[in-house]
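The values are calculated or read from the model by the stated rules, or taken from the named source; none is laboratory data. From a predicted model like this one, the values you see are computed outputs, not experimental measurements. Virtual Cβ from ideal backbone geometry, glycine too; neighbours counted across all protein chains shown. For the accessible areas, the whole protein counts, side chains as well, though only heavy atoms, and no ligand, DNA or RNA atoms are used. Shrake-Rupley method; radii C 1.70, N 1.55, O 1.52, S 1.80 Å.
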Amino acid sequence: MAEFKYEIVEEIAVISESSRGWSKELNLISWNERSPKYDLREWSPEHEKMGKGITLSAEELKILRDALNKLEL
């Protein structure tokens, strides 16, 4: 498996935390030294391990925000 680099440019929000210490977070992350994108996934306590997640451009995040704002929660 090829190695990859990531840098958490900005920690935006912790959405939830599990009993095992992992947290679901929204962060701005640069993957493989590319332009940062918004990323939602689970992270271990020190950000050394990660779960599966989704990565969104700013435009995609705006569309998601607008869709969520239309929901009655």
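Among residues that are under 21 Å from residue 61 (Cβ atoms) and touching a helix residue (DSSP H, G or I) at 6+ places or on another chain (Cβ under 7 Å), residue 38 is included.
Inside region 17-29, can you point out the residues that are loosely packed, with under 13 Cβ neighbours inside 10 Å and either in a strand (DSSP E or B) or in contact (Cβ under 8 Å) with a residue 40 or more places away in the chain (or both)?
Start the filter on region 17-29 by keeping residues that are loosely packed, with under 13 Cβ neighbours inside 10 Å, which leaves 18-21.
Hits for region 17-29: nothing passes.
The single condition from (1) assigned to a strand (DSSP E or B); (2) free of Cβ contacts under 8 Å to residues at least 24 places away in the same chain; (3) open to solvent by less than 80 Å² (accessible area, probe 1.4 Å) that residue 11 fails is (3).
State whether the residues of region 30-44 include one that is open to solvent by less than 40 Å² (accessible area, probe 1.4 Å), more than 18 Å from residue 65 (Cα to Cα) and assigned to a loop (DSSP other than H, G, I, E, B). Within region 30-44 (the criterion being open to solvent by less than 40 Å² (accessible area, probe 1.4 Å), more than 18 Å from residue 65 (Cα to Cα) and assigned to a loop (DSSP other than H, G, I, E, B)), the answer is yes, since at least one residue qualifies.
Scan region 45-64 for residues that are in a strand (DSSP E or B), among the small types (Gly, Ala, Ser) and surrounded by 11 or more Cβ atoms within 10 Å (Cβ to Cβ) and report the count. Spell out the reasoning first.
Residues of region 45-64 that are in a strand (DSSP E or B), as a first pass: 50-56.
When the remaining residues are screened for being among the small types (Gly, Ala, Ser), the result is 51, 53.
Restricting the remaining residues to those that are surrounded by 11 or more Cβ atoms within 10 Å (Cβ to Cβ) gives 53.
Residues that pass the stated criteria total 1.
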